[in-house]
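What follows is a short report on a single structure.
Every number here is computed from the coordinates shown, using simple stated rules; none is lab data. Keep in mind the model is a prediction, meaning the values are calculated, not measured. Here the Cβ is made from the backbone with ideal geometry for all residues, glycine too, and neighbour counts use every protein chain on show.
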Amino acid sequence: MITKLRYSFEELSLSLHEIEEYMGFEKGLSPDPFPELIKAGLLKASFLCNISGGIKVLSPAFVDKTNNQIRMGNTTFSPGKIVTARLFHANSAALFVCTAGNQISEHSKKISTEGDALTGYIFDTIGSLIVEKAVDKMQEWLKNKMAIHGLNISDRFSPGYCNWDVSEQQKLFSLLPPRFCGITLSSSSLMNPIKSVSGIIGIGPELKQKGYQCNWCDDLNCFYGKIKRQKKPLKKSE
């Protein structure tokens, strides 16, 4: 089963407070000029998005907890202990990709090159959150779709995170149609557009979404880890 999904920027309901939190501030406590720059960025971002995603469900999937591997057809993934443990009861799996499109990254780079690094950083952050929130909606769609058949899903996991080698993104993309959702992969396993996400979600009657156990992982670039490792908030009076 292959399904393509599209979202408008407005459907994501991205808020000022979510941007603040991602940047390391407590909600409502980002210092000037952040609040106004973020608000302006959110207004413009709706014109800089081409949000699309796709899901391919593969069955059966075999999870080998002893060797920390997941097999689908002739393809074997080695995502490591964390991912394998969380997908242990999966009997099928959904591979997914999602992108915010090229424009918002190009806009961020252009502004930064012109000397406004702060605004460029804000647009870069907005782009990251756009694709994460779009994948949240995709995951909810999959959850509801599987529930009809009495099945549950796991949390999602991506190559490059939870100690899963990013090079395995090559295997993941080999199981998807070429240029799926307009996303391509470089020889170094980086996606284009830059603001794109790929990964796997387990499917099975015994699976549960448990949330991310960040104490298991030492990845400093993880979206969820960044939220949990918030910097000490700055007071507006400081």
Legend entry - Amide H contacts under 5 Å for Asp64, placed H, 5+ residues apart: Gln69, Ile70, Arg71
Legend entry - Mean ellipticity per residue at 222 nm, deg cm²/dmol - from DSSP H runs of n ≥ 4 across the chain, formula -39500 (n - 2.57): -10500 deg cm²/dmol
Inset, instruction - State, to one decimal in nm, how far the label point of Lys110 lies from the label point of Gln170, with both points 7 Å from Cα in the Cβ direction. - result: 3.5
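How much length is gained on full extension from Thr66 to Lys4, taking 0.36 nm per residue of separation minus their Cα-Cα distance?
18.9 nm
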Inset, instruction - Return the sequence-ordered ³J(HN,Hα) values of the range 54-64 in whole Hz as given by the Karplus equation 6.51 cos²θ - 1.76 cosθ + 1.60 applied to θ = phi - 60°, using x for Gly and Pro. - result: x, 10, 10, 8, 10, 9, x, 10, 10, 9, 9
